[in-house]
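The next block holds one structure in the form of structure tokens; read it before the comments.
What follows draws every value from the coordinates through simple rules; no lab data is involved. The shown structure was predicted, so the numbers you read here are calculated from the model rather than taken from an experiment.
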Amino acid sequence: MTAGRTVNTLSQDWGTPLKYVETVKSFFGGEIDLDPCSNDYSLVEALNEYALPVDGLAKSWNFARIFVNPPYGADRQRKHWLFKCEEAHRCHNSEVLALIPIAANTSHWKHYIFGKATAIAFLYDTRLKFLVDGTDAGKGAPMACCMVYWGKEFDRFWKTFNCHGAVADIRHLINTRIDKTHEIGPPLAFPEYQGRLGLG
């Protein structure tokens with residue numbers, strides 16, 4: 001672990017490959033303020049890290065530069081992490097990058113990415129190889145992946161990530177209707193957030 005970081009606990013998870021860690025750091029000017037999904041073997045080395053058993057979803061995301069590579073266990077669904085990404089940008093003006101599987105037909109994409117995010121880099125890797133306990137285990141992700149960006153620096157995002165994937169500018173979708181059943185508006189309220197949102 002690097003001096004100066006706040007490490008809240010340890011965990012073992014699929015880690016972000018070094019080339020993407022380096023690209024994210026380059027985009028953010030050299031440092032990442034928060035990694036809410038860290039683990040003992042992470043290469044991200046954010047200034048602040050949350051890792052199990054500390055719940056990164058329940059902690060503050062009031063940081064300027066956030067990188068998220070969320071866990072996808074049954075009890076830690078990616079819709080909750082995407083909610084937090086969108087919320088951090090909307091409430092704290094955070095610049096947020098998230099490395100996630102492509103699932104454009106899902107409700108969480110329609111509510112927290114389309115109409116909310118700035119851009120998406122659809123990664124060229126056929127099967128992105130995550131790290132297992134800090135090493136390349138040789139097993140690729142079962143789905144194509146992308147880097148989603150919530151922030152105000154589209155040009156910088158394009159210049160930084162176009163070598164890794166096809167960058168799509170989705171700013172024109174802000175506050176537009178996605179389809180007949182999914183209108184972009186206030187974030188969906190999941191049970192654990194209803195009280196905080198005044199909906200429970």
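What full-extension length gain, to one decimal in nm, is calculated for residue 158 and residue 172 as 0.36 nm per residue of separation minus the Cα-Cα distance?
Details: separation 14, 0.36 × 14 = 5.04 nm, distance 1.57 nm.
Once the chain is fully extended between residue 158 and residue 172, it gains 3.5 nm.
Assuming 0.36 nm per residue, please report the length gained on full extension of the stretch residue 92 to residue 125 beyond their Cα-Cα distance.
Values: separation 33, 0.36 × 33 = 11.88 nm, distance 3.20 nm.
Full extension of this stretch gives 8.7 nm more.
According to the square roots a ≥ b ≥ c of the eigenvalues of the Cα gyration tensor, what is the shape class of segment 26-128, taking rounded for a/c under 1.5, prolate for a/b larger than b/c otherwise, and oblate for the remainder?
Values: a/c = 1.24, a/b = 1.22, b/c = 1.02.
Rounded.
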